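Everything on this sheet refers to the single structure shown next.
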Amino acid sequence: MPAPRYRLVNPEVTPYYHVISRCVRQQFLCGFDRTLGRDFSHRRHWIERRIKLLSSVFAIEIYAYAVMSNHFHLVIKVNPDAPNRWRDRDIVNRWRKAFGGPDVVKRFAKGELLTHAEYTGLQPVIAEYRKRLASLSWFMRALNEPIARLANNEDNVTGRFWEGRFKSQALLTAASVLSAMAYVDLNPIRAGIANTPEESDFTSVKERIHQAIDSAVARKPAHERELEPIAGYTEGQVQNGIEGCTLARYLELVDYSGRSLHPDKPGSIPPDLPPLLKRLGIKPAGYVRYIRRQEKGFRTAIGPSSEIKAAAKKFKLSRLWGISAGKQLFSSA
């Protein structure tokens with residue numbers, strides 16, 4: 001029986017997670033359905049737009065995404081303390097972008113005067129919204145449910161569109177975060193529907209390449225950004241990002257990884273190995289297997305074996321899968 005979500009997502013253990021959500025029976029409900037002879041690729045636009053909208057609503061930071069024909073990937077960071085710094089009206093306005101709300105919530109959001117009883121009754125509602133805006137489960141609900149309704153309405157059907165549970169993997173180190181990001185960004189290349197990162201539609205790497213070209217995008221203030229920076233500057237201050245990495249180094253890593261997926265180089269290590277891998281303590285051969293999806297040993301956590309063992313205790317689980325895989329991928333395992 002799968003562990004409950006609160007046992008698998010705990011920001012006190014790690015705020016970073018790789019999330020996967022799949023269509024029912026892995027059908028191509030967001031791509032070309034050969035059985036029906038219909039193309040549903042436009043739904044990938046829906047999902048991408050919804051991800052970007054929710055990045056401005058929830059205390060969930062988006063580091064990577066890839067929207068495929070029958071599933072999507074996210075690499076996210078949960079920031080549970082952020083809602084505590086938001087004013088009550090900010091909480092309500094954010095919530096209404098995703099879910100709406102009862103009449104008293106709408107009136108409060110508009111700045112209308114409430115009676116004392118109405119304001120008092122609204123406080124526990126706002127407190128609950130504040131809690132939910134830091135929840136990965138509520139984020140996924142706000143992402144998946146509207147897409148399912150739109151698709152079902154388009155097809156004039158009812159029933160499930162997504163599998164009941166999304167999958168999450170705890171990312172325990174900076175190296176595991178960057179490895180997961182590259183894994184996500186390379187999905188179209190691995191699936192054979194794109195040849196290069198810059199041609200990989202509905203991915204964060206294509207967005208980041210645009211950032212590299214247009215420095216004004218990377219310098220946007222935090223509340224206007226849809227992707228969290230690898231590293232960068234805003235108003236002269238170093239942004240929070242992934243320690244030891246820059247956008248240029250990350251794009252180098254993705255480019256290297258994409259070359260490792262080339263059919264003429266099955267499992268090979270290109271000679272232009274990025275020094276970033278060495279600095280992060282990632283074994284090149286293990287990394288290529290991981291990127292090529294031959295490394296299936298990770299389930300609920302990704303990181304060196306020592307970190308996985310420590311995380312299992314913090315999650316209060318008897319064990320987490322991935323000890324052997326951690327040894328193969330990370331030199332510090």
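Since every read-out is calculated from the coordinates, none of them should be taken as a lab result. Please read these numbers as outputs of a predicted model, since none were measured by experiment. So basically every Cβ, Gly included, is an ideal-geometry build from the backbone, and we count neighbours across all protein chains shown.
DSSP loop trypsin sites (Lys or Arg not before Pro) in the range 78-182 with at most 10 other Cβ atoms within 10 Å of their Cβ, which ones?
Taking the range 78-182 and a limit of 10 other Cβ atoms within 10 Å, the loop trypsin sites (Lys or Arg not before Pro) found are Arg87, Lys110.
Counting only DSSP H runs of at least 4 residues, each contributing -39500 (n - 2.57), and dividing by the residue count of the chain, the helix-based mean residue ellipticity at 222 nm comes to -13000 deg cm²/dmol. Modelled label positions at Arg293 and Val24, each set 7 Å beyond Cα in the direction of Cβ, lie 2.3 nm from each other.
With a simple spin-label model that places each label point 7 Å from the Cα along the Cα-to-Cβ direction, the separation between Arg38 and Ala212 comes to 3.9 nm. Once you order the gyration tensor axes a ≥ b ≥ c over the Cα atoms, which shape class does the range 89-132 get: rounded for a/c under 1.5, otherwise prolate or oblate by comparing a/b with b/c? It comes out oblate by the Cα gyration axes. Computed over the alpha-carbon atoms, the range 21-140 gives an Rg to Rh ratio of 1.11, Rh here being the Kirkwood radius from the mean inverse distance.
A simple rule links phi to the HN-Hα coupling: the Karplus curve 6.51 cos²θ - 1.76 cosθ + 1.60 with θ = phi - 60°, which for the range 30-38 gives 10, x, 8, 8, 5, 5, 8, x, 10 Hz, with x for Gly and Pro.
Calculated from the structure at hand, percent of Cα pairs over 29 Å apart is found among [x] 42; [y] 38; [z] 55 as [x].
Counting only GluC sites (Glu not before Pro) that are in a DSSP loop and have at most 15 other C-beta atoms within 10 Å, tell me the longest site-free stretch of the chain. Looking at the chain, 113-234 is the longest stretch - no exposed GluC sites (Glu not before Pro) with at most 15 other Cβ atoms within 10 Å.
Assuming charge only on the beta carbon of Lys and Arg (+1) and of Asp and Glu (-1), the dipole of the chain about its Cα centre is about 1140 debye to the nearest 20.
Set the bar at 29 Å for Cα to Cα. Now go through Lys97/Lys313; Lys77/Lys313; Lys278/Lys316; Lys106/Lys206; Lys167/Lys313 and name every pair that lies beyond it.
Going by Cα-Cα distance, Lys97/Lys313; Lys278/Lys316; Lys106/Lys206 fall outside the 29 Å limit.
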